Amino acid sequence: MNNGANGDENQLSELAQYRIETKTRASAILALAGVALVLIFAVLPVFAGRGLIQDLIFVFYMLALAQCWNLLAGYAGLVSVGQQAFVGLGGYLLFALTIGAGIDPIAAVVLSGLIAAVFAVPTAFVVFRLRGPYFAIGSWVVAEVYRLVFAQFKQLGGGTGTSLPPSATNEIFGIEWVKAMFEVRSPAARDIITYWIALALAAGAPLLVYLVLRSRYGLALFAIRDSEATAESAGVDSFHAKLGVYVLVAAATGMIGALIYLQKARISPDAAFSVLDWSAYVIFIVIIGGVGTIEGPIVGVIVFYTMQHYLADFGTWYLILLGALAIVIMLFAPKGIWGYVAQRYRVALFPVRRMLVRLHV
């Protein structure tokens, strides 16, 4: 009995020499730098021209879309090529709410995300019957169904699309205040408001992914991604876990889609549900940056924007170069650019795993 008690005491003593850490020094520094960077971006419209603001809006919403897709595919194992379904749905809901119901566009952005989440539930019950590549194809088919359905609504322009009326775009909440502060016209003021919302989504998306992955729910997603059968045998409800993340991503993607078409002020079925613009490019960003990392999409969107900015005028060659880069990355750095850096230098700016660290005694 005494030997057993002494053994337990020794084990407890050994355990007391360790602690669980959930952050690193680099992540603490990044948190402070991130807050400072967001504040700098927030005041940037005071100094920047309209062209730069529009470029940054594009970067921000592509980053947010990439983070959403990465949460779905990189952590939950749901590789979708049909996320354009929720981008287009969010965009069309924005138009329906502003034109049909007379709701302020900013409020309509939020409502579009919530309604997109509602649509995601029956969609999930269809696509979740499929596995692996069949899920990917099924998600694309669902997006095509959405495209065909919205092309039938004559009130929203049918197959040719429609534009937001000036009464909607020029009366956005806060636009008069922005016009007076920055001394700009309504289109530029609308871009500034859209910029701030896009910045909030771009900053909020990595934070949301981080908080999800650091929770018990995130542990369930890791388990499902690694082995769904093993996760279920350990008591994880894989269906409800995947449904939760699918609906969450749909809500965020719907809001981003609404914001995209608030800035564009025109929508059509082919553009809103474009697999190239809203799925292929997003997948490219995540793959070259690093699937299954929060840092990866940030690196990927910088590379993507740089290539698009300097190579888009080359036409077909631009797409060929994008594909060639993706192939090179997959061959020589399968974990992406950030994945390679993190593995080589053992650095994690967004640590989502719990680390057991020995205390110095």
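The values are calculated or read from the model by the stated rules, or taken from the named source; none is laboratory data. Small disclaimer: the values here were computed from a predicted structure and weren't measured. Don't worry about glycine lacking a Cβ; one is built from the backbone with ideal geometry, like all the others, and counts go over all protein chains shown. The accessibility values were calculated without ligands, DNA or RNA, using every heavy atom of the protein model including side chains. Shrake-Rupley method; radii C 1.70, N 1.55, O 1.52, S 1.80 Å.
Tabulated values for the structure
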quantity: Candidates Ile320, Ile287, filtered to the one that is open to solvent by 10 Å² or more (accessible area, probe 1.4 Å) and either under 18 Å from the mean Cα position of the chain (by Cα) or not hydrophobic (A, V, I, L, M, F, W, C) (or both); calculated: Ile287
quantity: Selected residue (criterion: nearest to the chain's Cα centre (by Cα)) from residues of the stretch 26-70 that are β-branched (Val, Ile, Thr) and open to solvent by less than 30 Å² (accessible area, probe 1.4 Å); calculated: Val59
quantity: Unique match (being in a helix (DSSP H, G or I) and crowded, with 18+ Cβ neighbours inside 10 Å) among Ala250, Ala180; calculated: Ala250
quantity: Of residues in the stretch 183-195 being farther than 11 Å from Leu259 by Cα and not charged (D, E, K, R), the one surrounded by the most Cβ atoms within 10 Å (Cβ to Cβ); calculated: Ala189
quantity: Identity of the residue in the stretch 225-247, open to solvent by less than 10 Å² (accessible area, probe 1.4 Å) and modelled with pLDDT under 90, that ends up farthest from Ile172 (Cα to Cα); calculated: Ala231
quantity: Any chance Ile298 is in a helix (DSSP H, G or I), among the aliphatic types (A, V, I, L, M) and open to solvent by 20 Å² or more (accessible area, probe 1.4 Å); calculated: yes
quantity: Test: residue in the stretch 89-111 that is in contact with a Ser or Thr (Cβ under 6 Å, 6 or more places away or on another chain), small (Gly, Ala, Ser), surrounded by 14 or more Cβ atoms within 10 Å (Cβ to Cβ) and assigned to a helix (DSSP H, G or I); calculated: yes
quantity: Residues of the stretch 132-174 classified as under 20 Å from Val109 (Cβ atoms), of a type in the set (A, V, I, L, M, F, W, C) and assigned to a helix (DSSP H, G or I), total; calculated: 3
